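Please read the structure below before turning to the comments.
None of the figures in this text is laboratory data; all of them are computed from the coordinates on show. Because the structure is a prediction, the values reported are computed rather than measured. All Cβ positions, even for glycine, are placed from backbone atoms using ideal geometry, and neighbour counts span all protein chains on display.
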Amino acid sequence: MTATAAPEQQVLKVEHAAAAVLRDGTSGQADVLALQNIKTTEGAKDLFKREAVPDEHKKEPNFTEINATLVKLNPPRPDLATISARLQEIIEGNPPAAGALGGADAHMLLVGKIAANMPGIVAAISKETGHTTNDVKTRLRGNLLGMKTILDRLLKDKEFVGKLADNVAKLEYSEEMVDADGKFTALEDKITNAEASYNSEKWKYTNVGAPVGTPPGAIEWWNGLAPADQANIKADVPTLVRHFGNLNVPSLGALQRASITAGEVPGYKSDIDTELGGIISGLSYATLTSAGYDLQKQLTAKYGIVPRGAAAGSPKQWDAGACGPYQDKINALKNAYIAATQVNVILSRPGYAGAFDNIQRNYQIYQESGDKLRNLQTQKATIDADKTARDKMKLQRDKKLIEYGNRVGTALDRSFREYYNDILLKDAEYISELDATKTKKDKKDKEDLKTKRQDDAKEILKNYLRLSYLKYSGGKVVGWDDDAIKKFVKKDLLSTSPAQMARKLLERVHGYRATLPSTYQKEIDAVLKDMGVGAGPPPVTFTNVMDEMDSKFMAELAAEEMPKVLGYAYSRGYYFDRLRMTKDQAEFMRTAYGTDFFTSALSHKDEYKRQLEAEFGKDVLTGELRDKIKQILVGKNWEGGFKRLLAALAIGGVANAGLSFLGAGKGAAEGIVTLKSMGAAAAEVGTAASVATTNALRDASAAVYAPVNKFVSSTPLSKPTP
Amino acid sequence: MARLLTPEDRTKIYDYLADAYIELVRKKLIGPYERKVLSSKILEGVETSMSFEDLHVFISKLATTYTYFASAAVRVKAEIEKLQENKVIDQLQQYITHYVHK
């Protein structure tokens, strides 16, 4: 992103860069800026330190890194490269490339192989597909027939792929590995370099142990010389150096040289002669060294100076300033000549080949070889130590790499198991727990509802049954619903079983509740709601609730409540002990109710007494009549009536098909024929007393009411006149 | 005998190497894994180098291993040689005195 771009261009470039970042998941520019920042603020060394540490926060699977690392494995593991490719396909959701080993389902096959080794998974698949577990295993490991749908689902399951991605992401090229790798390669480089320099040094001195073709070292050269040559060299080298010293004198001017070869000597010598001739004409070495040659005289003659103040024509005299330098030079030349000659002699020895350089150099190298080799020993020791360290590092590095490789190889297996344990099993556990809890809960709810309904039913009858048999006007009690009571006694009692009777009573309350004063209505509605009437879809009706009541409970309920109604009936003059029954009805009574019913009913008589008393307290019957009736009803005769009924029921069969009834009533014309006509060995039933009772009551009430002891009276009782 | 590297030398070397390294990152010639290994190697190599020769050899080695480093290595070598220039004369002096006056 250039800073000098025009605004529009810059915007475009930003977008492109952003798109590239999104596409590649990397932001090269940001990286570069970050690095530069580190270099400026912390220094370059710290930059490298930071770079060498792996990024802690990155948790994505990094297949580039994985593949690069796998290549370094020693011994190599090509199978891991295949596995890595498969894992990448699974994690990234791409099917294998065409031509991949194993074809387009290669990654599925890999998963299948592992699934086949997990009994839990095999069992689950077996259940779902209906194949045997062995069959499932074979298919998972081989042709995947019928398994593909399941495996496909698995490969698309986010949890499964997620677990795999997590496991693969953990396969970081860790800091340790980076360290180990870096150290190892750096050390290896160091060793290579050190060895190279060591060798090149060493082979100068000796080529023992060097590869074939290495030229001999100084020691070999020396040892290859004949003893005579060695002696010569030993002597000659210092000499020659001395001689060369004489050649290397600055005053020789152009003729100064550091060394000379045998071949050069003649030319050199003639040069010297030429030079000598230049100083004093005709001079040469030969002349110079000939007997009787007086150099000083010659030099004076040429270069001498006439002293100042001497007469003209005086001889020249030696002058140190004028003649001295030439004398020096000539001496130097002479020495050089001698030296060169000597050098030639020495160098002409066979073996020197006329050139001393090589010999001198080699001899020098030979001389120092002992020390040098000793010094090199320390270098070698270091190299050897480094090698050991390097080998150790290599082992460690390889070990880490092998570990790494193994983790790649087992990543899928590991993550599959984790998926199975952490997710599948937990899911299954949870679901089964949920099921069990639900079933238990459902059962408990049902039980609770049943109990609740029973309790509520009891409560309804206990509190509201009596009320339902009363008549209301303007919110006040105005009388009894005699029709209902009559029907109860005459019809219902004779034709309804106890359980059904309980239901009828409840239905009575339910049906009558609208007629009751509103407070009662509300209360009853509340209890009905508690029983579940009107509860959520589909709407539960009262009939439904009644249908679901337990019949045994209903029979018990009836045993408790019915006699109360009989009580009301009795108080209204519907005397059940004077019922007329047909044979069938009698039969029914006996079957449906049996003796137990009435025995238990009898035991509740105190309750009835109380109820009756309560009724009397309600100003339904007042005055004298009330007291009289009370005396009669609450006395023994009421009990007697019950006993009669019992007795009647105990007697089997009816002798004649005619009416049978208890006690004497209006139709007393037939007289108290009932028991007799039944041919019962009836116990003493106090018939006379019952007649008397009836008569008394009839007479008593006649004074107050309109015909009251008509069983089929349909005239509602009117309110007693105060 | 080459002179030993001083800490200042090392810092300068690191700078040259870092410049080359950043260039590699900019051009995306180096992946995340290679960055780690290269950084580690550079640290190791420069720390254990005792002389300029060692350094020279180390960087040449780097250049052959990491081919993309070659162009960077050239630059680094040039810089190192500049540093070394001053020391060459000393070296030569030592060589002559040792060699000739044996």
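Note that region A:155-162 has calculated 3J(HN,Hα) couplings of 5, 9, 5, 4, 5, 5, 5, x Hz, one per residue in order, obtained from phi through the Karplus relation 6.51 cos²θ - 1.76 cosθ + 1.60 (θ = phi - 60°); glycine and proline are x. Distances between placed amide hydrogens fall under 5 Å for A:V540 paired with A:G534, A:A535, all partners being 5 or more residues away or on another chain. Along region A:290-303 the Karplus relation, 6.51 cos²θ - 1.76 cosθ + 1.60 evaluated at θ = phi - 60°, assigns HN-Hα couplings of 6, 5, x, 7, 9, 5, 4, 4, 5, 4, 4, 4, 8, 10 Hz to successive residues, with x for each Gly and Pro. Relative contact order of region A:201-316, taken over Cα pairs closer than 8 Å and 6 or more residues apart, is 10 percent.
Put a dot 7 Å past the Cα of B:T11, heading toward its Cβ, do the same for A:R361, and the two dots end up 4.3 nm apart.
Going by a ≥ b ≥ c, the root eigenvalues of the Cα gyration tensor, does region A:110-158 fall in the rounded group (a/c under 1.5), the prolate group (a/b larger than b/c) or the oblate group?
Values: a/c = 1.41, a/b = 1.31, b/c = 1.08.
Rounded.
Close amide-amide hydrogen proximity is noted between A:V478 and A:K471, A:Y472, A:S473, each under 5 Å apart and 5 or more residues distant or on a separate chain (H modeled in the peptide plane; Pro and chain starts excluded). Amide hydrogen proximity for B:S51: with H placed 1.01 Å from N in the peptide plane, the residues at 5 or more positions away or on another chain lying under 5 Å are B:L5.
When each of the peptides A:108-115, A:320-327 is scored by how many other beta carbons lie within 10 Å of its residues on average, the order from highest to lowest is A:108-115, A:320-327.
The stretch between A:V241 and A:D435, if pulled fully straight at 0.36 nm per residue, gains 58.8 nm over its current Cα-Cα span.
Please order A:I338, A:I346 by the number of other Cβ within 10 Å, starting at the fewest.
Numbers: A:I338 16, A:I346 20.
Ranked by crowding around the Cβ, least crowded first: A:I338, A:I346.
Phi angles across region A:237-247 convert, under the Karplus curve 6.51 cos²θ - 1.76 cosθ + 1.60 with θ = phi - 60°, into 3J(HN,Hα) values of 4, x, 4, 4, 4, 4, 4, 4, x, 6, 7 Hz, Gly and Pro given as x. Among the listed pairs A:K234/A:K372; A:K45/A:K399; A:K399/B:K36, those with a Cα-Cα distance over 25 Å are A:K45/A:K399. Cross-linked pairs A:K387/B:K61; A:K72/A:K163; A:K49/B:K28: Cα-Cα separations exceed 22 Å for A:K72/A:K163.
For the pairs A:K158/A:K438; A:K39/B:K12; B:K12/B:K77; A:K471/A:K529; A:K127/A:K438, note any where the Cα-Cα span goes beyond 18 Å.
Values: A:K158/A:K438 29 Å; A:K39/B:K12 12 Å; B:K12/B:K77 12 Å; A:K471/A:K529 25 Å; A:K127/A:K438 24 Å.
Flagged as over cut-off: A:K158/A:K438; A:K471/A:K529; A:K127/A:K438.
Structural descriptor for region A:296-363: relative contact order 22 percent, calculated from alpha carbon pairs under 8 angstrom and at least 6 residues apart. Projected label points at A:A312 and A:K380, each 7 Å from Cα along the beta carbon direction, are separated by 8.7 nanometres.
Mean per-residue shielding of peptide A:37-50 is 5, counting Cβ atoms of other chains within 10 Å of each Cβ.
Note on A:K452 and A:Q296: their simple-model spin labels are 15.4 nm apart, each label 7 Å out from Cα toward Cβ.
Say R0 is 60 Å: what FRET efficiency, to the nearest 0.05, do A:L145 and B:V74 get from their beta-carbon distance? Write down the numbers at each step before the final one.
Values: r = 62 Å, r/R0 = 1.03.
Using R0 = 60 Å, I get an efficiency of 0.45.
For peptide A:178-187, the mean count of partner chain Cβ atoms within 10 Å of a residue's Cβ comes to 6.
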